[in-house]
Amino acid sequence: MTKNTPLGQNVDKVGSVLVVGSGVGGMQASLDLADSGLLVHMINEEPSIGGTMARLDKTFPTGDCAMCMISPRMVESSRHANIKMYTQTRVASVEGEEGNFTVKLVEKARYVDPDRCTGCGDCEPVCPTRVPNLFNQGLDKRKAVYALFPQAVPNTRAIDPERCLYLTKNVCRKCEKACEALAINFEDTDKHYELKVGSIILTPGLKTYDPAIRQEFGYGRYKNVVTSLQFERLLSASGPCGGEVARPSDEAHPKRLAWIQCVGSRNTHNSNSWCSSVCCMYAAKQAIIAKEHDDEVQATVFYMELRAFGKDFDKYIDKAKNESGTIYRRAMVAGVVEDPETKNLTITYIDEDGKRINEEFDMVILSIGFEPREEALAFAETFGIEADDYGFAKTSKLNPVETSRRGIYVAGIYQGPKDIPETVIQGSGAAAGAMSVLGDRRGTEVEEVVLPPERDITEEDPKIGVFVCHCGVNIAGTVDVQQVADAAAQEEGVAHSETIMYACAPDGQAKVKELIKEKGLNRVIIASCTPRTHSPLFQDTIREVGLNKFLFELADIREQCSWVHKEDKAVATEKAIDITNMNVAKARLLDPVSQNSVGVNHTALVVGGGISGMTAAQSLTEQGYHVHLVEREDRLGGLLRRVRRTIEGDDVQAFLAETMKRVENNPALTVHLNSAVESTDGFIGNFLTTLDNGEK
């Protein structure tokens, strides 16, 4: 199909998109695009998707388990029929233009056949080579044949060719002998692909500042000086200490913890001039979590300025101070010195009165900033886009996801330092940009999902499977999950009950499916976290093995138990048992439910005619939908009418005038001024909204 582009060129548009990077931003963009009917090629240079977020313990300011938030996206990305994943893959070249790019990929040899590998891990124990585990930031060792982390997607091993004894010295091959699936392939070679895509989204992730440059802090010389990302792995239940924070020097539990802020940021001497925007908040988060792990912890944060600018961020800092007892000390740190006998660390600093003070701590955590990805300039050159003075993708503050090359969008830290929610927002924004270009090519390259037939359970007695999730330490740190599983096992109709580390992770999903088939389970209960985000994931999981998706119940024992009764573990456990057993009683009565399709109204309502509302409305029309834009004032523009220029010098009023002109002249967009929403009825796909002027 040939369409006339805004540039006046005839281009054969391709209904697929390349997403470079598979962290939380890349997965968000990929899922948005795939759900809209576009084919997505998602590539990643590591052996697993997940990015930096997979390395985190919790997120701020809600304290949500990072793995619980990202695992559903990882599973959905891996199972979505419209997403093709390429791991250990990079882009070699990009040619073409918006709507029709030709991309060449190079996939590194994995030396493990992913189609044969079952993820059993039998190859790892026999491997004699131990190398630093980069996923755990070098805090422990892994083997030369390895999975990036336990919940890795795809759940297959890879071999490190630079460390493997056979590939480097032609000896060993023990992993090959241990692999019953015959998945080891030492003859594997790099693979080359050529793809046609209509648009490209860049979410390649980040690099962190190397604090060894700041020698006065002792990183790399003193074992108990760690980076914030290393401390994150120490906190994590999937980390090298299993969630028990231990000093690297002697594995003792540290009591006196110090964070030094702005290491590598806001300093042009041996550092970066920019603020990384998240360090103040993650230091507060880590101080709070460390106190939750050990009530005897005393945390001290050394800072020059605090930047807690997001929604409720200031309240989170107050929580660290007032509830966790974190000491915030405004001071300039001169250096860190180790006691050679105790391995304790003395921080020398200048306080606000100009006094020189020495203070001893058990561990020091360096809050390191973000940098552009490795080889950022070469990366930009590959895609034919401009980079800014620092190596990030060059964008405008007024169009933050658009690069200098039409059809190529950017999201996440490659656009500039930001936190997880903003990265997710940009991922969706970049996807919307691609959909605006390729909206009329939806469905042209996708594949139909074929599920196994549903099992007829009408004549079967209830055989309920109960899986109680540890959720790292989010649940298991308060609730005795084994006691919950044991109590459920005594209930009528329960055929299997066990605990599981992360039920929403790929390995957890695989375990549930395996036991449904092995034990003939016909109803499933997951006792874990919020049903709002996780129920659809588990419903899809049981449907994949032939169970009607409504034969599932989720017992919320995180929000209802471990969070609200954090100070009383016995009460939390007792309540978790009651909630789980209530769901068992309900599950005994469950019957399969059939679903019918209903027509969808392809019209959208956008409330608010400021720059956000106008941008959203315009984007939806470009994707092929009619839009009603409701504004309570007598003209569009909102608060932006009061702004003249950005700090970079962009003409805001000219940008606003152009946006308003496009909206007002758009035949697919109906503007309702001096109007407000009076009522809304209906359901997704079929809402009926009444305005205060009587319009519907």
Practice item. Can you tell me which residue among THR615, THR670 is polar (S, T, N, Q), at pLDDT 95 or above, over 35 Å from the mean Cα position of the chain (by Cα) and open to solvent by 30 Å² or more (accessible area, probe 1.4 Å)? Key: THR670
Check your understanding: Right, GLU498: more than 23 Å from the chain's Cα centre (by Cα), among the acidic types (Asp, Glu), at pLDDT 90 or above and under 20 Å from SER238 (Cβ atoms) or not?
Key -> yes
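Per-residue answers, yes or no, for (1) over 15 Å from ILE201 (Cβ atoms); (2) open to solvent by 10 Å² or more (accessible area, probe 1.4 Å); (3) in contact (Cβ under 8 Å) with a residue 24 or more places away in the chain; (4) part of a loop (DSSP other than H, G, I, E, B):
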{"site": "VAL11", "(1), (2), (3), (4)": "yes, no, yes, no"}
{"site": "VAL14", "(1), (2), (3), (4)": "no, yes, yes, yes"}
{"site": "LEU31", "(1), (2), (3), (4)": "no, yes, yes, no"}
{"site": "ALA34", "(1), (2), (3), (4)": "no, no, yes, no"}
{"site": "GLY37", "(1), (2), (3), (4)": "yes, yes, yes, yes"}
{"site": "GLU45", "(1), (2), (3), (4)": "yes, yes, yes, yes"}
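Restricted to region 326-357, and to residues that are of a type outside the set (Ser, Thr, Tyr) and open to solvent by less than 30 Å² (accessible area, probe 1.4 Å), which residue is farthest from ARG221 (Cα to Cα)? Working first, answer last.
Of all residues in region 326-357, those of a type outside the set (Ser, Thr, Tyr) come to 327, 329-341, 343-345, 347, 350-357.
The next check asks that each one be open to solvent by less than 30 Å² (accessible area, probe 1.4 Å); those that pass are 331, 333, 335-336, 344-345, 347.
Working: ALA331: 23, VAL333: 18, GLY335: 13, VAL336: 11, ASN344: 13, LEU345: 12, ILE347: 15 Å.
Here the residue is ALA331.
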Check your understanding: Do any residues in region 179-193 that are touching a residue at least 40 places away in the same chain (Cβ under 8 Å) and part of a loop (DSSP other than H, G, I, E, B) have Cβ atoms under 6 Å from those of residues that are surrounded by 10 or more Cβ atoms within 10 Å (Cβ to Cβ) and among the polar types (S, T, N, Q), where the two are at least six apart or on different chains, and which pairs are they?
Key -> ALA181/THR118
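Output the residues belonging to region 422-441 that are touching a residue at least 12 places away in the same chain (Cβ under 8 Å) and either of a type in the set (A, V, I, L, M, F, W, C) or farther than 13 Å from PRO400 by Cα (or both). Before you say what the answer is, go through the steps one by one.
Looking only at region 422-441, we keep the residues that are touching a residue at least 12 places away in the same chain (Cβ under 8 Å), and these are 423-424, 426-441.
Matches in region 422-441: VAL424, ALA430, ALA431, ALA432, ALA434, MET435, SER436, VAL437, LEU438, GLY439, ASP440, ARG441.
Got a sec? Which of GLY694, GLY649, GLY682 is among the small types (Gly, Ala, Ser), more than 30 Å from LEU438 (Cβ to Cβ), exposed (fewer than 11 other Cβ atoms within 10 Å of the Cβ) and touching a strand residue (DSSP E or B) at 6+ places or on another chain (Cβ under 9 Å)? Even if it seems obvious, please write down each step before you answer.
Working: GLY649 fails: touching a strand residue (DSSP E or B) at 6+ places or on another chain (Cβ under 9 Å); GLY682 fails: more than 30 Å from LEU438 (Cβ to Cβ).
Only one candidate qualifies: GLY694.
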Review point. Going by the structure shown, is ARG558 buried (at least 19 other Cβ atoms within 10 Å of the Cβ) and either among the basic types (Lys, Arg) or on the phi > 0 side of the Ramachandran plot (or both)?
Key: yes
**Study point:** Pair list, Cβ under 9 Å, 6 or more apart: region 586-613 residue farther than 27 Å from MET660 by Cβ and β-branched (Val, Ile, Thr), other residue open to solvent by 40 Å² or more (accessible area, probe 1.4 Å) and assigned to a loop (DSSP other than H, G, I, E, B)
**Key:** VAL593/LYS549; VAL593/PHE550; VAL600/ILE684
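Could you identify the single residue in PRO254, PRO248 that is open to solvent by 40 Å² or more (accessible area, probe 1.4 Å), closer than 28 Å to THR478 by Cβ and in a loop (DSSP other than H, G, I, E, B)? Step through it out loud before you land on a result.
Values: PRO254 fails: open to solvent by 40 Å² or more (accessible area, probe 1.4 Å).
None of the others qualify; the one that does is PRO248.
The values are calculated or read from the model by the stated rules, or taken from the named source; none is laboratory data. Just so it is clear, the structure is predicted and the values come from calculations on it, not from any experiment. Here the Cβ is made from the backbone with ideal geometry for all residues, glycine too, and neighbour counts use every protein chain on show. All accessible areas refer to the heavy atoms of the entire protein, side chains included, with ligands and DNA or RNA removed. Shrake-Rupley method; radii C 1.70, N 1.55, O 1.52, S 1.80 Å.
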